[in-house]
Amino acid sequence: MKRNFWMLTLSIFVLSIMTGCQNDLPKPESKSKIIPFVQASTYKFDSNSELNQNSEEKPSLFVQYKTRGPNVMVECILSGISFRESDSSKEKLGKMVVWVDDRKFQEVSTAAFIVKGLTPGNHKVRLEVIDLNNRPYGLTKEFMVNIPK
């Protein structure tokens, strides 16, 4: 009987300690911030997409370039106009005319190309997007490049 009494007393003591400590939980040292979720992409990939080539939105041209020796590597992102003549689903087909120092240098029908063999010095490069009948779309980009000696 004495043994059961001590076991009951010990159990009640341990239980009271455990229930009493729940109210004194430590608070975190730093405050957590709730950051609202912002949609990562605004592009919609459906038939009414901003990326749809048949959309009525104005075409746009973005250009990146890098010089390497006497050559200039050019990458273009062109929306609203296709360079593929075999793609009849696109309403607007085109090509790009490359001008160097106000002289026609070459015509290209790819989004990435290399302007080769420029002489050392500064050169003005202009890219103009035209349709297949050589009428301009009104998309041009100009930039200066420096070819080292």
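The residues of region 99-139 that are polar (S, T, N, Q) and without any contact (Cβ under 8 Å) to a residue 40 or more places away in the chain, listed by number, are 106, 109, 110, 122, 133, 134.
Quick check: is even one residue across region 78-97 more than 15 Å from residue 131 (Cα to Cα) and at pLDDT 90 or above?
Taking region 78-97 first, the residues more than 15 Å from residue 131 (Cα to Cα) are 89.
Adding the requirement that they be at pLDDT 90 or above leaves none.
No, because not a single residue in region 78-97 is more than 15 Å from residue 131 (Cα to Cα) and at pLDDT 90 or above.
Which one is surrounded by the fewest Cβ atoms within 10 Å (Cβ to Cβ) among residues in region 111-140 that are part of a loop (DSSP other than H, G, I, E, B) and in contact with an Asp or Glu (Cβ under 8 Å, 6 or more places away or on another chain)? My answer is 132. For region 57-77, taking the residues that are closer than 14 Å to residue 137 by Cα and loosely packed, with under 13 Cβ neighbours inside 10 Å, the one that is modelled with the highest pLDDT is identified as 60. Scanning region 123-149 for residues that are of a type in the set (S, T, N, Q) and within 30 Å of the chain's Cα centre (by Cα) yields a count of 2.
The set of residues from region 99-110 being under 28 Å from the mean Cα position of the chain (by Cα) and surrounded by fewer than 14 Cβ atoms within 10 Å (Cβ to Cβ) comprises 107, 110.
The values are calculated or read from the model by the stated rules, or taken from the named source; none is laboratory data. Since this is a predicted model, take the numbers as computed values, not measurements. All Cβ positions, glycine included, derive from the backbone under ideal geometry; neighbour counts span all protein chains shown.
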